[in-house]
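The values are calculated or read from the model by the stated rules, or taken from the named source; none is laboratory data. Quantities reported herein were computed from a predicted structural model and do not represent experimental measurements. Note that we place each Cβ from the backbone using ideal geometry, even for glycine, and neighbour counts take in every protein chain shown.
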Amino acid sequence: MRPLLKFRHRLLAVLLLGLAAGGSVRAAEPAVSARDVLVYPDGDRVQGRLVERTADTVVFQSDRFGLLRVPAAGAEVILAGKSVGPAAVVAGPVEPAAPPAAANGESAAEARITASLARLAARLHASFKPWTGRFAFSTEVVTDTADRSNLSAELQLQRKWQTEEVQLKGRYDFNSTNGRTTTDTLKADGLWRHDFPQKKFVLYRPVLEWNRASFRAGVPSDYLLMQQEIGAGMSLLATARAKVRAGVSENLFDVWSIAPGDAHDSRTAESAFIENELKLPWSVLITQRGVYYYSFASAAEGWENRVELTKKFTKTLSTAIRHEIRRGSPDGTAQDYTRLKLLFGVDF
């Protein structure tokens, strides 16, 4: 009986050693990655997708840290499907790897569009860094009882610090009907806001609007408007998902009439404003700013409101629906309007 037990123990030991050896052999085999891998000189690795590689820079869309731009000499790239080891390191220029279309249902065309948008966002970021922002556009051509076309393009830049925020925006709108220009407006505005303790803040908002297709009573009345707003207010609500601000401002309006007359008019008006920002699930953002104007000098009043709903599809692609209205602006010359726009944007 003892020889039989000894034999069984020896057989069991041999089997365990065989299994351990087999496991060690499999562990020694190089792992295969389903994603591209960015390898730093210190050994750190980031998974994602290679977007572009030039002689100087590697543009890499990482899964965890977003879009990365690193010097080509400071990192190496391991393409998807190759062994994660020294032999798989890519040396020299490489073609951008296609995203894993089969994994998320993207077609080849959708993958190319996504890669092109990522390259555009990377170039915009390189041009305007350290600012973040969005380039958005909208265009339409309609032929029914009349031939109509419209174009809208805008650029937004933003920087934030602990107690300060700066925004710069530029926009161009053009509409035509049967070959006649009905809208030809160039607008630029900025914002500087400084936050104080106890939820108080001050702001300065300059606005420049050049309207080259303005009509009043059928007569051309092109104008250049400059508005300067200096205000103060309080944050009524400030959470990660919702912000509400309210305040009062003093506004200085300067209007230069380009056609006809080349006249200049300067007025002041007081105003009260409210700003809202709400972040919803599924990467949806709603922003709103409403202003009521009243001039104690002339008793003129007016108001304007802007609401925008933005949906982010990816880190670089978004769309927005914007509604703007202005009535009775106390500058006395600027044209009233109501606008509804659908915009597609590239975030960077």
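Return the only residue of Val255, Val248, Val244 being within 25 Å of the chain's Cα centre (by Cα) and at negative phi. Step through it out loud before you land on a result.
Working: Val255 fails: within 25 Å of the chain's Cα centre (by Cα); Val248 fails: within 25 Å of the chain's Cα centre (by Cα).
Step by step, each of Val255, Val248, Val244 is checked, and only Val244 is within 25 Å of the chain's Cα centre (by Cα) and at negative phi.
Only one of these is aliphatic (A, V, I, L, M), modelled with pLDDT of 95 or more and either closer than 30 Å to Lys315 by Cβ or not assigned by TED's automatic domain parsing to the domain that holds Tyr204 (or both): Ala242, Ala238, Ala272. Name it. Talk me through it step by step, then tell me what you get.
Values: Ala238 fails: modelled with pLDDT of 95 or more; Ala272 fails: either closer than 30 Å to Lys315 by Cβ or not assigned by TED's automatic domain parsing to the domain that holds Tyr204 (or both).
Of the residues listed, the single one that is aliphatic (A, V, I, L, M), modelled with pLDDT of 95 or more and either closer than 30 Å to Lys315 by Cβ or not assigned by TED's automatic domain parsing to the domain that holds Tyr204 (or both) is Ala242.
If Gln228 satisfies all but one of (1) polar (S, T, N, Q); (2) under 24 Å from the mean Cα position of the chain (by Cα); (3) modelled with pLDDT of 95 or more, what's the number of the condition it fails?
Every condition holds for Gln228 apart from (2).
Provide a single number: the residues in segment 185-239 that are of a type in the set (Phe, Trp, Tyr) and surrounded by fewer than 16 Cβ atoms within 10 Å (Cβ to Cβ).
4
What tally of residues in segment 188-199 results from selecting those that are of a type outside the set (A, V, I, L, M, F, W, C) and under 19 Å from the mean Cα position of the chain (by Cα)? Quick ask: steps written out before the conclusion?
The initial filter retains those residues of segment 188-199 that are of a type outside the set (A, V, I, L, M, F, W, C), namely 189-190, 193-195, 197-199.
Then drop every residue that is not under 19 Å from the mean Cα position of the chain (by Cα), which leaves 189-190.
Number satisfying all stated conditions: 2.
Any chance segment 154-169 includes a residue that's buried (at least 16 other Cβ atoms within 10 Å of the Cβ), assigned to a strand (DSSP E or B) and in contact (Cβ under 8 Å) with a residue 40 or more places away in the chain?
The answer is yes, given that some residue of segment 154-169 is buried (at least 16 other Cβ atoms within 10 Å of the Cβ), assigned to a strand (DSSP E or B) and in contact (Cβ under 8 Å) with a residue 40 or more places away in the chain.
Kindly indicate whether Val255 is modelled with pLDDT under 95, closer than 17 Å to Pro330 by Cβ and part of a strand (DSSP E or B).
On the way: modelled with pLDDT under 95: yes; closer than 17 Å to Pro330 by Cβ: yes; part of a strand (DSSP E or B): yes.
It is true that Val255 is modelled with pLDDT under 95, closer than 17 Å to Pro330 by Cβ and part of a strand (DSSP E or B).
When you go through (1) assigned to a loop (DSSP other than H, G, I, E, B); (2) at pLDDT 90 or above one by one for Glu209, which number turns out not to apply?
Condition (1) is where Glu209 drops out.
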